[in-house]
Amino acid sequence: MGRWLAMVLVIIGASSYGLLSSFIKMAYDQGFTDGQITPAQMTMGTLFVWVLILFHKKSWVNPFKGPWIKLGLIGIFGLALTTVFFNIALKELNASLSIILLFQFTWMTIAMDCIVKRRLPKKAESIAILLILVGTLLAVNVFETNWEQFSLLGILYGLLSALTYSIFLFFTGQVVSTLPPLMNSAIMLTAAMPVMYILYPPTVFVHENGTTLLLWGLLLGFLGQVVPTVSFNIGIPRIGSTLAAMLGSVELPVAVIAAYLLIGEPVNGLQWLGMGLIIGGIIISENKS
């Protein structure tokens with residue numbers, strides 16, 4: 001596979017994440033709650049990944065011969081909680097603000113690395129953090145926003161989703177696994193399911209709109225778990241994590257454009273400038289040189 005095709009796959013994976021928030025808002029508009037959407041998304045996404053493994057013989061390995069406990073914990077505290085927190089934020093806030101809050105994972109991951117390794121941020125990292133914070137203020141339209149209309153609970157859960165996502169990214173990079181990438185993803189997702197069902201009992205599927213809920217779960221699981229998992233697992237090893245992180249920042253403008261086109265959320269010039277600063281900060285933070 002060529003380098004350009006690998007880059008396109010990473011962009012497709014990030015764009016899929018970007019589309020996710022608008023479709024979740026559309027599901028909420030149909031009367032579903034986060035307590036229904038979240039388990040439907042995770043359940044169908046997990047099943048989808050196992051189906052992919054079924055048709056990919058190279059992934060037929062014993063999952064217990066790898067670091068399955070570490071991968072499982074990452075699945076619980078990274079993937080599951082990020083999905084739970086982000087979906088609650090989407091219920092309380094608009095899609096654009098929710099995704100902007102999620103993108104705070106960039107500076108949180110830098111801070112986590114500094115704390116664990118007991119070091120100070122590098123010059124480029126400090127500049128990146130500053131750009132991301134200033135960009136966030138502009139992206140949420142801080143000068144014109146009536147903050148009384150926003151839910152503090154939604155903002156809290158949006159920031160919590162950023163924190164758990166940074167936990168996912170940081171610790172995934174620390175785990176050395178010889179298992180196929182699809183199996184790694186399947187272990188993470190499967191380990192998350194019992195915790196998910198404790199928070200949201202699967203009885204939510206047994207009601208008059210259960211079939212429609214499963215269809216939403218199929219779409220959201222496809223966009224949130226399947227497309228990114230497959231695209232990243234194929235593309236990232238061929239282009240490296242640094243370039244992948246830069247290309248992955250396309251998730252932010254895709255999410256905002258989708259929110260504008262699909263659910264009619266307005267975006268002004270100052271907000272576009274803010275998103276540009278956030279993406280610039282991501283590029284600087286990932287530029288190891």
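Considering only the range 264-282, I want to know if a residue exists there that is surrounded by 19 or more Cβ atoms within 10 Å (Cβ to Cβ) and of a type in the set (S, T, N, Q).
yes
Can you confirm whether Leu20 is in contact (Cβ under 8 Å) with a residue 60 or more places away in the chain and either closer than 15 Å to Pro180 by Cα or out of contact with any Leu (no Cβ under 6 Å at 6 or more places or on another chain) (or both)?
Judged against the criteria, Leu20 is not a match.
Report the residue count in the range 233-252 for those that are surrounded by 22 or more Cβ atoms within 10 Å (Cβ to Cβ) and closer than 16 Å to Pro180 by Cβ.
So the count comes out to 1.
Go over the candidates Pro228, Pro181 one by one and state the one that is in contact with a Ser or Thr (Cβ under 6 Å, 6 or more places away or on another chain), at pLDDT below 85 and within 17 Å of Ser16 (Cβ to Cβ). Walk me through how you get there before you give the answer.
Details: Pro181 fails: in contact with a Ser or Thr (Cβ under 6 Å, 6 or more places away or on another chain).
That would be Pro228, the only listed residue that is in contact with a Ser or Thr (Cβ under 6 Å, 6 or more places away or on another chain), at pLDDT below 85 and within 17 Å of Ser16 (Cβ to Cβ).
Tally up the residues in the range 194-206 that are open to solvent by 20 Å² or more (accessible area, probe 1.4 Å) and either in a helix (DSSP H, G or I) or polar (S, T, N, Q) (or both), please.
Applying the first criterion (open to solvent by 20 Å² or more (accessible area, probe 1.4 Å)) to the range 194-206 yields 194-195, 197-206.
From what is left, the residues that are either in a helix (DSSP H, G or I) or polar (S, T, N, Q) (or both) are 194-195, 197-199, 202-205.
Residues meeting the conditions: 9.
If you go through the range 22-60, how many residues are open to solvent by 40 Å² or more (accessible area, probe 1.4 Å), under 22 Å from Tyr200 (Cα atoms) and in a loop (DSSP other than H, G, I, E, B)?
So the count comes out to 3.
Please go through (1) at pLDDT below 80; (2) of a type in the set (A, V, I, L, M); (3) under 21 Å from Tyr17 (Cβ atoms) for Leu215 and return the number of the only condition it doesn't satisfy.
With respect to (1) at pLDDT below 80; (2) of a type in the set (A, V, I, L, M); (3) under 21 Å from Tyr17 (Cβ atoms), Leu215 is out only on (1).
Which residue pairs have Cβ atoms under 7 Å apart, sit 6 or more places apart or on different chains, and have a first residue in the range 125-147 that is acidic (Asp, Glu) and at pLDDT below 85 and a second that is open to solvent by less than 60 Å² (accessible area, probe 1.4 Å) and not in a loop (DSSP other than H, G, I, E, B)?
Glu125/Ile110; Glu125/Ser285
Which of the residues spanning the range 61-98 are β-branched (Val, Ile, Thr) and assigned to a loop (DSSP other than H, G, I, E, B)?
Passing the criteria: only Val61.
So that you can scan it fast, the table gives a plain yes or no per residue for (1) of a type in the set (Val, Ile, Thr); (2) without any contact (Cβ under 8 Å) to a residue 40 or more places away in the chain; (3) in contact with a strand residue (DSSP E or B) (Cβ under 7 Å, 6 or more places away or on another chain):
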| residue | (1), (2), (3) |
| --- | --- |
| Gly2 | no, yes, no |
| Met7 | no, no, no |
| Ile11 | yes, no, no |
| Ser15 | no, no, no |
| Ala80 | no, no, no |
| Leu93 | no, no, no |
| Ile100 | yes, no, no |
| Gln104 | no, no, no |
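The values are calculated or read from the model by the stated rules, or taken from the named source; none is laboratory data. Here the structure is a predicted model, which is why all the values come from computation and not from measurement. Cβ atoms come from the backbone with ideal geometry, glycine included; neighbour counts cover every protein chain shown. These accessible areas exclude ligands, DNA and RNA; they are computed on the full protein's heavy atoms, side chains included. Shrake-Rupley method; radii C 1.70, N 1.55, O 1.52, S 1.80 Å.
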